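The values are calculated or read from the model by the stated rules, or taken from the named source; none is laboratory data. This structure is a prediction, so every number in the text was calculated from the model and none was measured. Counting neighbours? That spans all protein chains shown, and the Cβs are built from the backbone with ideal geometry, glycine included.
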């Protein structure tokens, strides 16, 4: 194998699994250390800069970082990264003075953001301090988009949304709320230099089976119903409720129904339990509230009597796999199941809809109805129009919307300066030794044996009584510290300098995870077989260094390294050093242009 | 020295041995020796050997004297018996322990100071008595704990870190062990675990006095140019005679080797030592030839390593003394007090 080039920012970035997996590439280990030190405001600011909505995401993020967490490979469960983020948000105190302080000198360029959801707000936050005049349009009366309309208040209190949306609006963003934008051309005609479309995927998919029209009064589209609940238009639901669908929206629907009078609430899903799209923790929370999840049932028809819904008929199916491992659902032949109910919530997916974009506005759409975009630039075929969030590549989640917003903001800034939007700025990185003494490091290298801490919940009888009572109480500072100590500091990298190595084997002997092998170099596949302990996960790279006296190569398998620094502590010559790798994504603005 | 304990987490696919233990279960507490010390590598090799042989840790006794090397038993086999004796007196304590309980595996760990200076007589007598043990000398040629004076094994002409040239003749522990009748004699290097681990395993399986001289560079005081016990010097002058494979009897042998280059030695317990000869003319069963070869190569400045001598049918101290089969703590009252009649017969023998 070729010797590893550690100066390529991707190499060490990939070692920090959580940061690599995060769409916004938030420097997770850095803020977790700050939380452990009680520096919540500093931890919050790292998050705010990177993901814009730390308090909101600390409660609702889809957490792509956690399945990636190295702790999950060396122990049982990953670090509770998401809930630690919330700890920073809950305990930060007043950070108003640390935010960019307006008014900002104007550069004369105007940008319209359609939709006041996370993608648009990110664009507004990134561009406003640069002097752009940003105007955010939304049909709802208050900014926040799906964060405000679809996420139930028992998961995300309104005050958190108000605070974090407020930080952005207060930068001097103009908001035009309560009026649906009905024409892209008219927005363009207002003289905006660029338009960012962040209007989400606003249409809930319907279920067109017999009885749908007749029983329409008691059949509701999930996201619309959640929005009605959120804005106080709906306050009650029938005693027996069936929720159709297996995603996170279905979980929000069923738990909301439990709080609005639904006593017998069931979630009924076509697929099996494991394949459901909902996050495992959301399924657990729903089941903990006494909501059964029934699988392999395909809705066939709605039953009704005198214009009133009486139930849903389901066909029983079973999974069948063909030779290529593709799954299909085949009827088992058993008699159909009739589930009596008073109301049905349909949460079987969302679709993009752009009825307000005129077909001759210069924006091309593909055959799935999604805009044709530059993959990294988010620029549409009309160079003035950019997309992001669910509106860009179909329904995802908040953190993806934020990541899209940052990228789109870079594109808009480049575009309006007459630069090439295809040239993307590299990330900013630093690599600094953590050595303070012979065996003292600037980070806590002792590995905690604690298992993942559970987040305390409000008592179910209290939580189910009021839709505004937040269920998760968040970690207190003691639990937060214990959880933060579980972080393996994967950003503190093991850096090897071959010319200092005397091949004494001290690092090989001390490494608790058998990561290090000195052996003849070879092709990757064959070489992996010769390592001290071959990795189970091949996604992490091998760190290969050459130039040793015996002609062998140093091979370090990054997969399960604990970053405990013992290799560097036991190294007599300093050939191993622990260096903190800090990677910050470049955002729109000066940093972008000085490169 | 390292302040933190070695993390308990281990590789998710760490193998287990026949007893269900992982290699990590054979470790001791974290080493307090200087970073990079060769002794730590030897400790790691001992851990690996005991793991591979599936030895029950509570059936091993590790004994040592004083010195850097004699500290190491703390850093391996944390669940075994240990005795840290007076300087140079490990061989006597080991001999006594072995006489009292012949069922344990005895591992004597010593250094060049502990065995070639203050304990030279003790070393000599334990070897010539044929005590069933593994006697490992971690040989670095200097007194590390007192900041690097030459020890008795330092080669004549080798240079200290301060630049002083050694004028005394070295004691060659391997040569002495051969002369004194050790039935298993080997030399190895802490920087070559592939050679060292099988030698330690073979020595453990050997029922007799097994002696291993292991060159172990002192990174603090004896790893400079001009030293003959540095990593660089030993790597350049290492003349390995053979490579060893140790095959416990329960395993089947199915590897093909070139004829003539392999010699298999079956030990009394049925285990097989397979010698892959790197120097085909060298006969590891000829004690006199071994001595000659060693001295010739030493005169050339070479360091001969590998299995130097093996007697596959050793007799140990218990055989010589015709002692009772059982360990003393397992003898019951009837065996210890056989009665008046036997006593009279015994006394009659001595009249």
**Message:** When you check residue A:25 against the structure, is it closer than 30 Å to residue A:531 by Cβ, more than 14 Å from chain B (Cβ to nearest Cβ) and either crowded, with 24+ Cβ neighbours inside 10 Å or touching a strand residue (DSSP E or B) at 6+ places or on another chain (Cβ under 6 Å) (or both), yes or no?
**Reply:** no
**Asked** If you scan the stretch A:166-192, which residues turn out to be surrounded by 15 or more Cβ atoms within 10 Å (Cβ to Cβ), assigned to a helix (DSSP H, G or I) and either without any contact (Cβ under 8 Å) to a residue 40 or more places away in the chain or out of contact with any helix residue (DSSP H, G or I) (no Cβ under 7 Å at 6 or more places or on another chain) (or both)?
**Response** A:167, A:169, A:184, A:187, A:188
**Asked** If we scan the stretch A:468-479, do we find a residue that is over 30 Å from residue B:236 (Cβ atoms) and either within 14 Å of chain B (Cβ to nearest Cβ) or crowded, with 23+ Cβ neighbours inside 10 Å (or both)?
**Response** yes
**Item:** Considering residues of the stretch B:6-29 that are over 27 Å from residue B:110 (Cβ atoms) and within 7 Å of another protein chain (Cβ to nearest Cβ) only, the residue farthest from the chain's Cα centre (by Cα)
**Value:** B:12
**Fill in**
Here the residues within the stretch B:204-234 that are more than 22 Å from residue B:177 (Cα to Cα) and under 21 Å from the mean Cα position of the chain (by Cα) are B:218, B:230, B:231
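Could you tell me which of the residues A:488, A:479 is in a helix (DSSP H, G or I), at pLDDT 95 or above and farther than 30 Å from residue A:132 by Cβ? If you could, list the steps in order and put the result at the bottom.
On the way: A:488 fails: in a helix (DSSP H, G or I).
After applying the criteria, what remains is A:479.
The rows are residues; the columns are (1) more than 14 Å from chain A (Cβ to nearest Cβ); (2) surrounded by fewer than 21 Cβ atoms within 10 Å (Cβ to Cβ).
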| residue | (1), (2) |
| --- | --- |
| B:4 | no, yes |
| B:31 | no, no |
| B:70 | yes, no |
| B:79 | yes, yes |
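Does residue A:79 satisfy being within 14 Å of chain B (Cβ to nearest Cβ) and at pLDDT 95 or above? Break it down into steps so the answer makes sense when it comes.
Details: within 14 Å of chain B (Cβ to nearest Cβ): yes; at pLDDT 95 or above: yes.
It is true that residue A:79 is within 14 Å of chain B (Cβ to nearest Cβ) and at pLDDT 95 or above.
Specify which of the listed residues (A:505, A:559) is within 37 Å of the chain's Cα centre (by Cα) and not assigned by TED's automatic domain parsing to the domain that holds residue A:405. Let's see the steps before the verdict.
On the way: A:505 fails: within 37 Å of the chain's Cα centre (by Cα).
Just one listed residue meets the conditions, A:559.
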**Prompt:** Across the stretch A:432-456, what is the total count of residues that are in contact (Cβ under 8 Å) with a residue 60 or more places away in the chain, surrounded by fewer than 17 Cβ atoms within 10 Å (Cβ to Cβ) and away from every other protein chain (no Cβ under 14 Å)?
**Reply:** 3
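Give, as residue ranges, the helices (runs of 4 or more DSSP H) completely inside the stretch A:1-60 that count at least 1 residues that are modelled with pLDDT of 95 or more and farther than 25 Å from residue A:154 by Cα.
Details: elements: A:9-15, A:17-21, A:28-36, A:40-51, A:54-60.
By residue number, A:9-15, A:17-21, A:28-36, A:40-51.
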**Prompt:** Of all the residues that make up the stretch A:83-100, how many are surrounded by 15 or more Cβ atoms within 10 Å (Cβ to Cβ) and assigned to a loop (DSSP other than H, G, I, E, B)?
**Reply:** 3
**Per-region count, the stretch A:149-165, residues at pLDDT 95 or above, assigned to a helix (DSSP H, G or I) and closer than 24 Å to residue A:203 by Cβ** = 2
**Request:** Among the candidates A:500, A:538, A:548, single out the residue that is more than 10 Å from every other protein chain (Cβ to nearest Cβ) and touching a strand residue (DSSP E or B) at 6+ places or on another chain (Cβ under 7 Å).
**Result:** A:548
**Asked** Which condition number in (1) in a helix (DSSP H, G or I); (2) surrounded by fewer than 24 Cβ atoms within 10 Å (Cβ to Cβ) is the one that residue A:120 fails?
**Response** (2)
**Prompt:** Is it fair to say residue B:53 is more than 26 Å from residue A:538 (Cβ to Cβ) and free of Cβ contacts under 8 Å to residues at least 60 places away in the same chain?
**Reply:** no
**Prompt:** Within the stretch A:336-365, how many residues turn out to be in a strand (DSSP E or B) and in contact with a helix residue (DSSP H, G or I) (Cβ under 9 Å, 6 or more places away or on another chain)?
**Reply:** 5
